[in-house]
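Participant: Next up is a structure, given as structure tokens.
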Amino acid sequence: MILKRLGVSVFVLLAVSLLVFVFTLMLPGDPAQAILGQQATPERLAALREQLHLNDPWYTRYLTWLGGLFTGNLGTSAATGGSVNALLASKLSASMVLLVISAVVAIPVGLLLGTWSAMRRGRASDQTLTGFSLVLAALPEFVIGVVLTTLLSTTVFKLLPSVTMAAPGMRVWDYPLQLILPSLTLILVVVPYMIRMTRTTMIDVLDSGYVEMARLKGLPERQVIFKHALPHAIGPVAQVVAMQLAWLAGGIVVVEFLFRYPGLGQAMVDAVNNRDVQVVQALSMLIAAFYVVVNLIADVIGILANPKLRTETRS
Amino acid sequence: MRRSEQKARDRVRGTAVPRATVDTAITASHLSLGVTGGDLILDDVSFRLRPGRILALVGESGSGKTTAALACMNHLRAGLELRGGTVELQEGASRFHRDAVDLLTLPEAKMRRLRGGTIAYVPQDPALSLNGSLRVGEQIAEVLRAHEFGRNAHERDDRVAEVLSEVGLPSDREYQRRFPHQLSGGQQQRIGIAMAFACRPAVIILDEPTTGLDVATQDLVLKTIYQLTTKHDVAGLYITHDLAVVARVANDVAVMLHGRIVEDGPAERLLRRPEHPYTRALLDAVPDMQGARDMGGGPAVSPVAAVRAPWDRGRAAPGQMAASASGTPAGTADDAAATTGTGHPENGAAVRERGAGGVVGTGRQDAPVVRLRDLRMAYGSAVILDGINLDLEAGQTTMLLGESGSGKTTLSRSVAGLNDGYTGDVLLDGEVLAPSTRRRSNEQRRRIQYVFQSPFSSLNPRRSIGDSLQVPLQMSGDLSREQRRAAVADALDAVRLGRSYIDRRPGELSGGERQRAAVARALVNAPSVLVCDEITSALDVSVQASVIELLRELQHERGLAMLFVTHNIALARHISHRLAVLERGTLVDYGPTDSVLRNPRHEYTRSLLRHVPTLEEAG
């Protein structure tokens, strides 16, 4: 079961790589021209094209590129002339820091509040939380970001920096305060969905026959929730968490732009502006891989949490 | 009568350790419960549970049986509130409470200690109530731990193994490590029973624990329950709508109607000399194997709808209107029910004769309408049907009997053309039919109609009954709108619903009414063959009887050939002329119903017949 799922993931990634390659190929513009600028002589352009293998048929170029992906060589950036790896390494780590902080805070908060809300269904606290999360879920991330900036770093309280200061050679986490606003924005965007979905799932589970049975068996309420109810919610909730994390990977583009955070989102915007094909390809593949991996993990968790699916793998 | 006295004496002498020193475990008095701010569900309900005896709480769905039972555990489902009454746990009944106590006023923490330990519950559907993500051994062990049974983990492990063997399951480690989905339905239900008996409770509440099990498994489960309650002197409360099951396990019976207990008493007395007309109607609705009681008395009435009339104040039953519309005074049916209910032997004989006469009268002796020739079907290596030959004749019913998975439904769907994967031939009037309905002609489709198992899912909830019913007419006929509506109204009259139902939606109808509407849909374009796929299994016992009665009359009037798929032998016996027994895709017994039931040739048929619970066991 898990192996089959893994095979599907690999296939999806290959399909995505082909799509990404074909679409970037169709983009107008000539990478050699982009690197050398408008004043380049035809001879130099031809030489560079030869060097970049631009004259080879597309499938050879695809295979070379794919081979590069597997060996960790993402190609050469047209804008800087340097390797894409070096260009993205620092941005990737900066974005990962943001992602990990957001996920580490958002997942437990979302699940706990969702479960709590489900257990207090219909009471005032549940209704307040549900209403509040609906409002937050309805707001786009840039609105949340702007509101937070206004509240915490400008007129109301002047506590946090509103933009990221990243001098060359300096890493974002050298100055941790500047991570708070972007992470908080991301957290506030994903947590409401997690609360709402966890609540719905838990309500279904709490209404089930086996939870009623557990209560009629005289088990302590703690045990009813943690041993009988929660395991059944894990699978569906893992899917929601995965969707939200995958969203984070894309949503980070807007948030990073807003806070001028030097991460992958910034790199993406720059690369598109500069027609830096190799970087766009690499970034697309990175984000696609993140989606696939996160969903794969959610599926595996779902399989492991469900004995019915789990035991199927054995027989 | 003598046999049951013997039984009672055995029970007293029994091998059990005399544990309970009290003669009552739980007394529920004047229990009233309602929907929060709304209608009453239980109205002044009182009963007493005594050690070593089982009280059966009998009634139809919605009569408040489960609510009453759960109130004994002080467990109210969401949206219900207590209006009054007490549930008293008697002194000495529990090791946690030496003193008598009213469970309904007990604080939650103390109540929790009693649930599962002193008062245990066996749920209706183990598939929903066992936790799919926990191993079955652990699900039993955790009850023991929660109630601190035994001195240490070792003793508790021993108890798990012991209780598993008490319910007739393997007790080894490997079995305990299985998950619920790795067990059959019957095994799951016995795990549920083991869970309940694990702590040696004083009271056990069984909520229709055999619904959904086939007869052989039901038999085994009932035996287990009976043995365990008597052996360990447990007070039992058994909820059911099936009086045949009551006859098998219960010592006392309380009959519930609309949240009130209308009659109670010792099982023997109540089953033999019922006093309340509703009890009589329920008893009358229980089919019996001997065919000694004709169901519902005379022709042309829907018996239960009519009989219910005198006391059914709770609901303005639409069925009642239909019954009076069909022109039979309610009193006649009531009388008929009263006389047949007591089941005098000479009366039974007369009825049997009448039934036999009917067979000869309606059976037309021409060629079969439908013939099945060497029908085969397999999914990969799994053989579903293995060379079936079967004839359906006009005016005759063939009962197709078999346990779940025997291929009954596949066979009936093949006849109707809903399953085109078979090989072999289905012939209609000598003409070979295409396997799929799509390739059959309009006329062929019209002549074979199908009634589905569940009336709750076979009618589109968004369409009115009239709209649903005229679909077959639109497909095959070129009738005008008015003609179609008239035909639908006639069909509704024919199934004794009445034409006033034409603009209602399925949601407004009860289960029995919906099934009637579904039958009307099958009849609306005058078919010659009716395939009924377990059409009574989703219905209450008394409603089942009325639907069967209806089919019998319709067959009589129209000379329909019917294929009646069921696993309820006792019920279908009343309308079937021929009986076909299917075991794993093969017809193992086939012939006139009476002769097959009297002299079953195949061991499988004999075992099916042995396990059918009947009222006769009360004596």
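Participant: Checking the structure you have, find out if any residue of the stretch B:121-137 is under 30 Å from B:Glu534 (Cα atoms), buried (at least 19 other Cβ atoms within 10 Å of the Cβ) and in contact with a His (Cβ under 6 Å, 6 or more places away or on another chain).
Facilitator: Yes, that holds for at least one residue.
Participant: While we're on this one: Taking B:Gly137 and the conditions (1) more than 9 Å from chain A (Cβ to nearest Cβ); (2) under 20 Å from A:Glu212 (Cβ atoms); (3) of a type outside the set (Val, Ile, Thr); (4) touching a Lys or Arg at 6+ places or on another chain (Cβ under 9 Å), which numbered condition does it fall short on, given that it satisfies the others?
Facilitator: Checking B:Gly137 against (1) more than 9 Å from chain A (Cβ to nearest Cβ); (2) under 20 Å from A:Glu212 (Cβ atoms); (3) of a type outside the set (Val, Ile, Thr); (4) touching a Lys or Arg at 6+ places or on another chain (Cβ under 9 Å), the one that fails is (2).
Participant: Among B:Arg159, B:Arg200, which is under 30 Å from B:Asp242 (Cα atoms), over 28 Å from the mean Cα position of the chain (by Cα) and among the basic types (Lys, Arg)?
Facilitator: B:Arg200
Participant: Mind counting the residues in the stretch A:208-244 that are within 10 Å of chain B (Cβ to nearest Cβ), crowded, with 20+ Cβ neighbours inside 10 Å and among the small types (Gly, Ala, Ser)?
Facilitator: Looking only at that region, the number is 3.
Participant: Being without any contact (Cβ under 8 Å) to a residue 24 or more places away in the chain and either outside any loop (DSSP other than H, G, I, E, B) or touching a helix residue (DSSP H, G or I) at 6+ places or on another chain (Cβ under 8 Å) (or both), is that true of even one residue in the stretch B:249-259?
Facilitator: Scanning the stretch B:249-259, I find no residue that is without any contact (Cβ under 8 Å) to a residue 24 or more places away in the chain and either outside any loop (DSSP other than H, G, I, E, B) or touching a helix residue (DSSP H, G or I) at 6+ places or on another chain (Cβ under 8 Å) (or both), so the answer is no.
Participant: Go through the residues of the stretch B:117-132 one by one and say whether even a single one is farther than 22 Å from B:Thr224 by Cβ and not β-branched (Val, Ile, Thr). Spell out the reasoning first.
Facilitator: Filtering the stretch B:117-132 for residues farther than 22 Å from B:Thr224 by Cβ gives B:132.
From what is left, the residues that are not β-branched (Val, Ile, Thr) are B:132.
Taking every residue of the stretch B:117-132 in turn, at least one turns out to be farther than 22 Å from B:Thr224 by Cβ and not β-branched (Val, Ile, Thr).
Participant: Another one. Does the stretch B:557-568 include one or more residues that are at pLDDT below 80 and surrounded by fewer than 24 Cβ atoms within 10 Å (Cβ to Cβ)? Give the steps one after another, and end with the answer.
Facilitator: Of the stretch B:557-568, the ones at pLDDT below 80 are B:567-568.
In the following step, the residues that additionally are surrounded by fewer than 24 Cβ atoms within 10 Å (Cβ to Cβ) were identified as B:567-568.
The answer is yes; a qualifying residue exists.
Participant: Continuing with the same structure: Select from the stretch B:488-529 the residues that are aromatic (Phe, Trp, Tyr) and either free of Cβ contacts under 8 Å to residues at least 24 places away in the same chain or closer than 14 Å to B:Gln449 by Cβ (or both) and list them in ascending order.
Facilitator: Listed by number, the list is empty, since nothing qualifies.
Participant: Separate question: Any idea how many residues of the stretch B:581-614 are closer than 15 Å to B:Ile388 by Cβ and polar (S, T, N, Q)?
Facilitator: Qualifying residue count, the stretch B:581-614: 1.
Participant: Now, a different point. Out of the residues in the stretch B:146-158 that are in a helix (DSSP H, G or I) and more than 9 Å from chain A (Cβ to nearest Cβ), which is surrounded by the most Cβ atoms within 10 Å (Cβ to Cβ)?
Facilitator: Selected residue: B:Arg156.
Participant: Given B:Leu104, B:Leu128, B:Leu82, B:Leu76, which one is under 30 Å from B:Gly34 (Cα atoms), more than 10 Å from chain A (Cβ to nearest Cβ), in a helix (DSSP H, G or I) and not basic (Lys, Arg)?
Facilitator: B:Leu104
Participant: Moving to a separate point now. Here are the criteria: (1) buried (at least 22 other Cβ atoms within 10 Å of the Cβ); (2) touching a strand residue (DSSP E or B) at 6+ places or on another chain (Cβ under 6 Å); (3) of a type in the set (A, V, I, L, M, F, W, C). Tell me which single one B:Val588 does not satisfy.
Facilitator: Failed condition: (1).
Residue by residue, here is whether (1) under 20 Å from A:Gly250 (Cα atoms); (2) within 14 Å of chain B (Cβ to nearest Cβ); (3) buried (at least 17 other Cβ atoms within 10 Å of the Cβ) holds:
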{"site": "A:Asn273", "(1), (2), (3)": "yes, no, no"}
{"site": "A:Leu283", "(1), (2), (3)": "yes, no, yes"}
{"site": "A:Ile287", "(1), (2), (3)": "yes, no, yes"}
{"site": "A:Asp299", "(1), (2), (3)": "no, no, yes"}
{"site": "A:Ile303", "(1), (2), (3)": "no, yes, yes"}
{"site": "A:Pro307", "(1), (2), (3)": "no, yes, yes"}
{"site": "A:Arg310", "(1), (2), (3)": "no, yes, no"}
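Participant: I need the full set of residues from the stretch B:114-126 which are closer than 18 Å to B:Val87 by Cβ and out of contact with any Asp or Glu (no Cβ under 9 Å at 6 or more places or on another chain), in order please.
Facilitator: B:Leu114, B:Arg115, B:Gly116, B:Thr118, B:Ile119, B:Ala120
Participant: Which of the residues that make up the stretch B:465-485 are touching a helix residue (DSSP H, G or I) at 6+ places or on another chain (Cβ under 9 Å), without any contact (Cβ under 8 Å) to a residue 24 or more places away in the chain and not charged (D, E, K, R)?
Facilitator: Result: B:Gln474, B:Leu479, B:Gln483.
Participant: Those residues that are out of contact with any Lys or Arg (no Cβ under 8 Å at 6 or more places or on another chain) and assigned to a loop (DSSP other than H, G, I, E, B), I need them from the stretch B:209-233; list them, please.
Facilitator: Listed by number, the residues that qualify are B:Pro209, B:Thr210, B:Thr211, B:Gly212, B:Leu213, B:Asp214.
Participant: Then there's this: Output the residues belonging to the stretch A:245-269 that are surrounded by fewer than 18 Cβ atoms within 10 Å (Cβ to Cβ) and either of a type outside the set (A, V, I, L, M) or touching a strand residue (DSSP E or B) at 6+ places or on another chain (Cβ under 7 Å) (or both).
Facilitator: Scanning the stretch A:245-269 gives A:Trp247, A:Gly250, A:Phe257, A:Arg260.
Participant: While we're here: Among the residues in the stretch B:177-187, are any among the polar types (S, T, N, Q), within 14 Å of chain A (Cβ to nearest Cβ) and surrounded by 18 or more Cβ atoms within 10 Å (Cβ to Cβ)?
Facilitator: no
Participant: Can you say whether B:Ala161 is closer than 14 Å to B:Cys199 by Cα, touching a Ser or Thr at 6+ places or on another chain (Cβ under 6 Å) and either more than 9 Å from chain A (Cβ to nearest Cβ) or assigned to a loop (DSSP other than H, G, I, E, B) (or both), as far as the supplied structure shows? Give the derivation first.
Facilitator: Details: closer than 14 Å to B:Cys199 by Cα: yes; touching a Ser or Thr at 6+ places or on another chain (Cβ under 6 Å): yes; either more than 9 Å from chain A (Cβ to nearest Cβ) or assigned to a loop (DSSP other than H, G, I, E, B) (or both): yes.
Answer is yes for this residue.
Participant: Here's another thing I want to ask about it. Take B:Val143 and tell me if it is surrounded by 21 or more Cβ atoms within 10 Å (Cβ to Cβ) and more than 9 Å from chain A (Cβ to nearest Cβ).
Facilitator: no
Participant: For B:Val167, which of the numbered conditions (1) in contact with a Lys or Arg (Cβ under 6 Å, 6 or more places away or on another chain); (2) under 11 Å from B:Cys199 (Cα atoms) fails to hold?
Facilitator: (2)
The values are calculated or read from the model by the stated rules, or taken from the named source; none is laboratory data. Given the structure is predicted, the values throughout are model-derived calculations rather than measurements. Because the Cβ atoms are built from the backbone with ideal geometry, glycine has one as well, and the counts that use them run over all protein chains shown.
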